[in-house]
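There's a structure below that I have some questions on.
Every number here is computed from the coordinates shown, using simple stated rules; none is lab data. Everything numeric here is computed off the predicted structure, so don't read it as measured data. A quick note on method: Cβ atoms are made from the backbone with ideal geometry, for glycine too, and the neighbour counts reach across all protein chains shown.
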Amino acid sequence: MKRILNTILLIGILSGVFVSCDSDDVGGNLYTFTGEMVGQYLQNDTVQFSEFVRLLDTTNVMGLLNSYGSYTCFAPTNDAMHAFYKEKGKNSLSDFSLDSLQVIAYDHIIDGAVVLYSNFIDGRIPEITMSDRNITIHFTDSVTWVNYDEAKGNENAYIINKDVVKHNGVLHVISKVLNPSREGIVEAIAKETDFSIFYQALIETGMADSLLKIEDETYDKTEYAYLITKTLDDGSWYYEDIPDARRYRYTVLMESNETMNANNIYNIEDLKTYAAGIYDEVYPEDANVREITDRHNSLNRFIAYHLIDKQLSKFTFIDAYDTDHMIRTPGRDMYEYVETMCPNTLIEVKKERATGTTNIFNYLPETGDALYLSDTFYDKTTTNGIYHEIDGMLVYSKQVDNMLSSKRLRFDAASFFPELTNNNMRGSRYKQNTTSSLYDTPDLKYQIPRNYIARITSSEQTVVQYLTPYYKYQDYEGDEIFLTASTGKLYDFSIITPPIPAGTYEIRFGYLTNGKRGVAQLYFDNIPCGVPLNLNKSAVDNGWEEPGSDSSDPYGYDNDKYMSNLGYMKAPACFKVIKADWTSGENARYCNAAIRKILGTFTFSEAGHHVFAIKGLSGGEFMFDYMEFVPTSALESEDIY
Amino acid sequence: MNVQCHLAKLLTVFAIAVALLSSCKDEYLYDSQEPDWLGSSIYDYLSSNGNYTNYVKLVDDLNYKEILSLTGSKTVFVASDSAFNEFYKSNSWGVTSYDQLTVSQKKYLFKFSMINNAYILSRLANYYSGTALYEGFAMRQVTELNAIDSIPFLQGDDLPQNSYWDSRKSKGLYLLRDNTDFPIAFFTQAFLDKYSFTDEDLSMLLGLESHVKNDVYIFNNKVIQKDIVCKNGYIHVLSSVLVPPTNMAQYVEDNNGSDPSLSTKIFAKLLDHFCAPFYDAGSTSNYNQLHPEFTDSIFVKHYFASNGGSTLLPDNKTSAPNLLVFDPGWNSYKSTNLEADMAAMFVPTDDAMKNFLHSGIGAVLGEKFNYDWDSIPDKIILPFLKRHMRTSLIESVPSKFTKMVDDENYALPVEKNHIVKTYTGVNGEVYVTNEVYPPVDYISVYSPVLYSDNSKIMNWAIDISETSVDGTEFAFYRLYLNSLVSNYSLMIPTDEYFDSYLDPIAYAQNVPAVLKFWYDKSKSVVNATIYSYDKTTRATGDSIGLISGSSYKSFIKNRLWQLLDSHIVVGDIESGNEYYITKANDIIKIEGSGTNMKIQGGQDIAENTVAAVSKVFRQENGNTYFLKKPIQPSLRSVYKILSETPEFSKFFELLSGVPDTCVSQIFAQQGIDYRIKFFNAYQYTVYVPTNDAINAAITAGKIKDWQTIYNMTNEAARSTAINKMIRFLKYHFQDNAVFVGQTYNAEYQSATIKNDNSDTYWGTAKNKYLKIGVVGDGSTLKLTADGPSGSTPASAEVDKSNGLYNIIAKDYIFAKLPTAYKNVDGTGNVSGTAFSSSTITTSASAVIHQINNVLTFD
């Protein structure tokens, strides 16, 4: 009989399924705590929340709110729930289908982030609800509105009680059920009667067809779970996650009929004439293209210039990237460059330090002209995008083209890729923590699956990460694209840049050394940028001296020239590390690890995209913080910021 | 009771057992009784079945009856008698009946068919790493076959051809090909799915006509009946007799039989360069216990390798100089876990190997080594072999060929139609190919430099390396020149002609000198002997110094890297143009093509010297040209040429007349004398109006002369005039070098920034450089200036009457002014640093043309 036992024993060992014989261990896996969960809080307050609890129970969401995690719950009161039933012509919860109830429940819960009242911004909260929607906040003197819709006035939901902090999250009590629009962006714009001229042109040019995608259904998060090697529970200074979806999102900037009228545009024919007046000057070779669905037609370009394949709210046009890394003193204005659907064009978004003004669109220094979002009509959220009113005629005019092609264009690496914005990775920190400084430990590193970002082509063995802003990173806007390969392998990837206007540019690539970087051959448009770059060399190895350390060169300008002759530059003085640790310095210019490599001088005969390719030649990391395109005419007068 | 039912019950019992064992307290149900459904033993089943008499005889003869009857848990892969009958009809041993099998052969057949654990077929792909269970990830399991079951005695030509074997050639030795375990390789559907193997992959690997889903193969031997449950394990029936394959190294060596055109002997011999006999005390002792009459020593053949094999020479002390990626003869090859993967090798046929050396890119190597692979030094062969050896079969199946890169991140361009034969060995897959996959060093423009005897100086410069963060050595220029996505023209002055490099820093000092670079073979370094030089007679004098030794390496490196940059053009220099720009931004002039080509740098043109091409190599990423002289870049700055050419005097006066108090200067003291202050590391054109044109412009009031400006009493007006003059002058400096003799029709940037919003002829916007329109028709250049829109712009044309066009200048930047260094002979600035510490930092180039009119834009 022992033989049989032996046989089975062996099978057991082979299968590796034997559990420990120490039964005492079982108890060690259990835990107890005394704090109240969000779900329990709701269950215990039947006077206020019995209907919402029913909703959560019916849809099986309650279990979630009673489990460990980080949740933000906007909880409607019983009165709110009953009013909602009535509004929908129903008597009770049971009159709704289970599917619709689930969506309603999901509209009220953000899973994975604790968003306190102090984190609210006037506009859209970056974190999305379980129904994949954004919640918008609108502050007035006496009331904080949620998902405010002007047409509804006082019938909108507002915060009754804020910041009920529980063990697994926070709860805000609201006066109405949130019932965001389920319309796509085109459908929603169709109903905006004050924008009918714009809408008509959007439809007739066929550009509305470019705003229809919602999500890449072929992306399955579970296939990439293996990429996560460090979880939040590991208690490290960082943890990893993968994108939860691959959403497509859009932004539309629209002029109202009133704005159009002020420019003598009363119908689509007027708009055609107006558009031709602008775009035929910029693209004279296309002046005869009459078919408005042709992407070279002036009206088509006019409309396309209003469309962006990123979801940009009032907050995420630029403010979201103004992390504590950025130095906010006058002179250090911030710029964001946004690609539009008008081929090879950008919109500049400026944040001016001296006045604190933000979201300044296409500012022309010569005339002082600029455009702004409407004070009242912005952050209109739809299923697949957001739309805003712009307060003047938004055009890629000759003047805008000149402005963009005669100044330094600095792009944060993450701004290259719409996927990071549309899937809530760039411009969001709530997921990591809710401390007063949003950039404290732990940092969140997104493992980006291969082919997830359309404009990154990488070899199978290349690991691509997006590192969100972190207080110990001496990074522009705090974040970086990070690339590496597993031990014994080498990375190999290429990145398509945003469109750059025609001209002759000095092109630079900004990075941070850290003692772990590798050696890579860099190529710009397939031209090797000199001999391989050893990213592991500190700035000192490339000629850097701390400004002020040489009394004959108090500001370091002579040293700047010396470094430039070697093909390098100090980092700009517009950002810093929040917490000096791995690196230090009052700003990045003073940091001996932050550096810009001059890739060379390149002439582009026409506006367009370019390819920055990197081939790893040794083990070690590669990081990509920002890229600069500086017209050679701007070199002489370039500032240190 | 059917098999499935047995199995279900077994698993039930197993589950119960696990549960009970987990508690460690309750008594086991079957401690005292055997379940009646468990069936017979493996031995009983096979012997009672009647179809496995051959296999049972093996068991009996090898005394395994008790083991397979009583104890243990085993998995056996058996073949029926009919399969054995087929085996006797045709096999590599020449055996026609059971009786002819030797004991060794019997052991091979039997022990290789048995795994020392019980696996149903679907679980065969599971393995336990020691820390975790991996389900579906396994493709190999170790069998019971022991290395010492057969030990051949070898001598003479049967032994590899290298010095480690020489002493054994005459007396011979007992040699194990390997002394590690023999695994079987198999492919379950779970594994195939996990790694996305296609049916074509499996068919190619195993030589099958097609693969049917869920079929399981042990090597190329199909399982035709699976999971026969016995009380001490499982039986799986194979379609044919399982004969142990060899390992990859052995296969490559033996592969010269059936089809000589697919022989791989050459590759096998190259592998043998990297192996040696190692005394194996363990095997000697074990064998001696089994065979007391055996008193000799047993050796094992190990390849020198980073993984497996040996990193030491047979003395077990000295590090082997050249290591393969892995030991290709290592039966138990593993990267991490033996079960998880195996290796692969792409092995070119002898014909492919020979062809490579006789034509195309490989001819450089062939010519040098007399078309004999065996004559090529190990150091050169090693990267070749490494590129053909793959550490992971999973990453090297046909469907993944297009994604394969080597350990230096270069693509491995294997195509499916290159595969002429495959073999699945115990440690990996051998793909016999009709192509070779030379390492990049063999095919890039660097290759001729690396393998020629007379390019050691430049090779030394190209091969200067640093250590990267992961400890790998990387040589900047080697990697740069090995970039296969680029197209280079690499010009290499060969060693014998490297005797007269005019050093630009010395040239700027009181004791000009030429440097003769030479390669010190004994120390494998490049030194420089300094000779005096007479600028007037251009004669080289006596030797006045030597720069050598490791402490001077940075000096030699600085100069040779500058030289190298002056000898690399990104792109083709035989495209028909006369002038090209080098990586150093130097302008070079080309005449002719191929070996008739003559190349001149700026100084060559000035001195009427020529770097002739002695040899051309057409490589994968461009062409390599061996030269009979280094290209000498211009030693004349723009300042020098303008100041010393009488026909340029008026323009030069204007340029040098900018008041010292003015921030915007044209010249800055730097380099050999002065440089244009606003030049970067780029190439430019300078248009110099004739003296008459300048005078006419002054007379016409287009510009004021400096004296008039200096005499202006109104401060603001004078400042405006100074500024206007500077803007006028800078408008004659253009980005991009353009040449008389080439065709153009484009606008280029000047160095004057437009500072208003007016419309201009060339549509220049404010804050951008004003443009110059250039039309080149092959004989002259016609220029059209920017200017107010609507009015006729100024124009000019190159004035060729004095031959003052296509004059090449170079503005250097040195780390310090030349006067801050001592002269080459130690004289000069007493407080200066040694000449050998001097450094060239960067440079710009310019081509200068005289034009017949001033260029104005307002």
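Hey, if you drop one equal point scatterer on each alpha-carbon of the protein assembly as shown and run the Debye formula without solvent, what base-10 log of I(q)/I(0) do you get at q = 0.05, 0.09 Å⁻¹?
Summing over Cα pairs of the protein assembly as shown leads to -0.55, -1.34.
For region B:736-766 and region A:303-329, what is the separation of their C-alpha centers, rounded to whole Å?
35
What residues from region A:607-641 fall in the zone where the backbone N is under 14 Å from a label point 7 Å along the Cα-to-C-beta line of A:N344?
A:607-611
Oh, and also: Report the relative contact order of chain A, percent, no decimals, based on alpha-carbon pairs under 8 angstrom and at least 6 residues apart.
With pairs under 8 Å counted, the relative contact order is 12 percent.
Rounded, prolate or oblate: which one fits region A:595-641, using the alpha carbon gyration tensor with axes a ≥ b ≥ c (rounded when a/c is under 1.5, else prolate when a/b beats b/c, else oblate)? Present the calculation step by step, with values, prior to reporting the outcome.
Working: a/c = 2.76, a/b = 1.48, b/c = 1.87.
Here region A:595-641 falls in the oblate category.
Which of the GluC sites (Glu not before Pro) found in region A:544-633 are loop residues per DSSP with 15 or fewer other Cβ atoms within 10 Å of their Cβ?
A:E586, A:E606
Run through all the Cα pairs of region A:425-635 and give the fraction in each 10 Å bin from 0, expressed as whole percent.
The percentages, shortest bin first, are 8, 32, 37, 20, 3, 0.
Where in region B:346-377 is the amide nitrogen less than 11 Å from a point lying 7 Å along the Cα-to-Cβ axis of B:Q161?
Flagged as within label range: B:372-376.
Please work out the Cα center distance from region B:358-375 to region A:101-128, rounded to the nearest Å.
Each part's Cα centre sits 70 Å from the other's.
Using just the Cα positions, wrap region A:38-174 in a convex hull and report its mean projected area in square nanometres, one decimal place.
7.9
Here are some pairs, B:K106/B:K301; B:K106/B:K400; B:K74/B:K400; A:K272/A:K351; A:K489/B:K107; which of them have Cα atoms lying more than 30 Å apart in this structure?
B:K106/B:K400; B:K74/B:K400; A:K272/A:K351; A:K489/B:K107
Using the Karplus curve 6.51 cos²θ - 1.76 cosθ + 1.60 with θ = phi - 60°, what ³J(HN,Hα) values do you get for each residue of region A:327-333, in whole Hz, with x for Gly and Pro?
Those phi angles translate into 8, 9, 7, x, x, 9, 4 Hz.
Let me ask something additional. Counting Lys and Arg as +1 and Asp and Glu as -1, what is the net charge of the other residues whose Cβ lies under 15 Å from the Cβ of A:S552? It would help to have the intermediate numbers written out before the result.
Values: positive: A:K561, B:K816; negative: A:E545, A:E546, A:D550, A:D553, A:D558, A:D560.
Summing Lys/Arg as +1 and Asp/Glu as -1 gives -4.
Taking 0.36 nm per residue of sequence separation and subtracting the Cα-Cα distance, how much length would be gained by fully extending the chain between B:S791 and B:E293, in nm to one decimal?
168.2 nm
Within straight cross-link reach of B:K57, meaning Cα distance under 14 Å, which aspartates and glutamates are found once same-chain residues fewer than 8 apart are removed?
Within the straight-line cut-off, B:K57 pairs with B:D44, B:E66, B:D81, B:D99.
Taking a ≥ b ≥ c as the square roots of the eigenvalues of the Cα gyration tensor of region B:447-627, is the shape rounded (a/c under 1.5), prolate (a/b larger than b/c) or oblate?
oblate
In addition: Normalising by the residue count of chain B, find the relative contact order in percent from Cα pairs under 8 Å and 6+ residues apart.
8
Here's another thing I want to ask about it. How about A:K576: which aspartates and glutamates have a C-alpha closer than 16 Å to its C-alpha, ignoring those fewer than 8 places off in the same chain?
Partners within reach: A:D322, A:D324, A:D333, A:D412, A:D440, A:D475, A:E477, A:D479, A:E480, A:E546, A:E586, A:D625.
Less than 18 Å apart at the alpha-carbon level, and either on another chain or at least 8 residues along: which lysines does that give for B:K766?
Leaving aside lysines fewer than 8 places away in the same chain, those within reach of B:K766 are A:K398, A:K407, B:K724, B:K730, B:K754.
Now a separate question. Just to confirm my numbers, what's the Cα centroid distance between region B:393-444 and region A:539-614 in Å?
About 43 Å separates the Cα centre of region B:393-444 from the one of region A:539-614.
One-quarter of the Cα convex hull surface for region B:772-858, in nm²? It would help to have the intermediate numbers written out before the result.
Working: hull surface 37.5 nm².
Spelled out: convex hull of the Cα atoms, projected over all directions, averaged, 9.4 nm².
Relative to the longest principal axis of chain B, what angle (0 to 90°, nearest 10) does the C-alpha long axis of helix B:715-730 take?
Roughly 50 degrees between the two axes.
Same structure, new question: Where does region B:402-519 land on Rg/Rh, using Cα atoms and the Kirkwood Rh?
Ratio of gyration radius to Kirkwood radius: 1.15.
What ranking do A:266-278, B:496-508 get when scored by the average of other Cβ atoms within 10 Å per residue, highest first? Walk me through the numbers before you get to the answer.
On the way: A:266-278: 16.9, B:496-508: 20.3.
Ranked from most to least packed, the peptides come out as B:496-508, A:266-278.
Calculate the FRET efficiency for A:S94 and B:S465 from the Cβ-Cβ distance with a Förster distance of 60 Å, rounded to the nearest 0.05.
E between A:S94 and B:S465, to the nearest 0.05, is 0.20.
Using only alpha carbon pairs under 8 Å that are at least six residues apart, calculate the relative contact order of region A:376-512 and give it in whole percent. Could the numbers behind the result be given before it?
Working: 161 pairs, mean separation 26.4, N = 137.
Across region A:376-512, relative contact order equals 19 percent.
Within 10 Å of each candidate Cβ there may be at most 14 other Cβ atoms; applying that plus a DSSP loop requirement, which GluC sites (Glu not before Pro) in region B:398-439 survive? All intermediate terms of the calculation are to be shown ahead of the outcome.
Values: sites: B:E408, B:E415, B:E429, B:E435; in loops: B:E408, B:E415, B:E435.
Passing sites in region B:398-439 are B:E415.
Rounded to two decimals, what is Rg over Rh for region B:666-724 when you use alpha-carbon atoms and the Kirkwood radius?
Numbers: Rg = 15.0 Å, Rh = 14.0 Å.
Result for region B:666-724 is an Rg/Rh of 1.07.
For chain B, what percent of Cα pairs sit more than 43 Å apart?
More than 43 Å apart: 52 percent of the Cα pairs in chain B.
In whole Hz and in residue order, list the ³J(HN,Hα) couplings for region B:179-188 that follow from phi through the Karplus curve 6.51 cos²θ - 1.76 cosθ + 1.60, θ = phi - 60°; x for Gly and Pro.
10, 10, 5, 9, x, 9, 10, 8, 9, 8
Treat region B:638-851 as a sphere of radius equal to its Kirkwood radius over Cα pairs and apply Stokes-Einstein at 4 °C in a medium of 1.567 mPa s; give the translational diffusion coefficient in µm²/s, rounded to a whole number.
69
Whose amide H sits under 5 Å from the amide H of B:T494, counting only residues 5 or more places off or on another chain, with H placed in the peptide plane?
Under 5 Å from the amide H of B:T494 lie the amide H atoms of B:L627, B:K629, each far enough along the sequence or on another chain.
Subtract the Cα-Cα distance of A:S551 and A:V143 from 0.36 nm times their separation in residues, and report this length gain in nm to one decimal.
Value of the extension gain: 141.2 nm.
Can you pull the semi-axes for region B:566-694, root of five times each eigenvalue of the Cα gyration tensor, sorted largest first, whole Å?
That gives 35, 15, 12 Å for the three semi-axes.
Along each of the three principal axes of the Cα atoms of region A:539-615, give the extent in whole Å, ordering the values from largest to smallest.
Per principal axis, max minus min of the Cα coordinates gives 44, 30, 24 Å.
Something else: Translational diffusion coefficient, Stokes-Einstein: compute it for region B:204-358 using the Kirkwood radius over C-alpha pairs as Rh, at 10 °C and 1.306 mPa s, and state it as an integer in µm² s⁻¹.
Roughly 84 µm²/s, to the nearest whole number.
While we're here: What does the charge add up to near B:A809, with Lys and Arg as +1, Asp and Glu as -1, over the other residues with Cβ less than 10 Å from its Cβ?
Local charge sum for B:A809: +3.
Can you figure out the FRET efficiency of B:V95 with B:S170, using R₀ = 30 Å and their beta-carbon distance, to the nearest 0.05? Provide the component values of the computation, followed by the final result.
Numbers: r = 32 Å, r/R0 = 1.08.
In this case the efficiency is close to 0.40.
On average, how many beta carbons from a partner chain sit within 10 Å of the beta carbon of a residue in B:111-123? Don't skip to the answer; put the middle values down first.
Working: counts 0, 0, 0, 0, 0, 1, 4, 5, 2, 1, 0, 0, 3.
For this peptide, the per-residue mean of nearby foreign Cβ atoms is 1.
Using the C-alpha atoms of chain A, what convex hull volume per residue, in cubic angstrom, is computed?
Cα convex hull per residue, to the nearest whole number: 207 Å³.
Something else now. Starting from the alpha-carbon convex hull of region A:174-313, give the projected area averaged over all orientations, in nm².
14.0
Give me the percent of Cα-Cα pairs in region A:250-404 that sit more than 22 Å apart, rounded to a whole number.
Details: 5097 of 11935 pairs.
Above the 22 Å cut-off, region A:250-404 has 43 percent of its Cα pairs.
Take peptide B:669-681, look around each residue's Cβ out to 10 angstrom, count Cβ atoms belonging to other protein chains, and average those counts.
1
Related question: At 7 Å along the Cα-to-beta-carbon direction for both A:E606 and B:S82, put a label point, then send me their distance in nm to one decimal.
With each label point 7 Å from Cα toward Cβ, the separation is 7.1 nm.
If you count, for every residue in B:469-482, the Cβ atoms of partner chains within 10 Å of its Cβ, what is the mean?
Partner Cβ neighbours, averaged per residue: 6.
Applying the Karplus parametrisation 6.51 cos²θ - 1.76 cosθ + 1.60 with θ = phi - 60° to the phi angles of region A:209-222, what ³J(HN,Hα) value in whole Hz is obtained for each residue in order, glycine and proline being reported as x?
Listing the rounded values in order: 5, 8, 10, 9, 6, 10, 7, 7, 6, 7, 7, 10, 3, 5 Hz.
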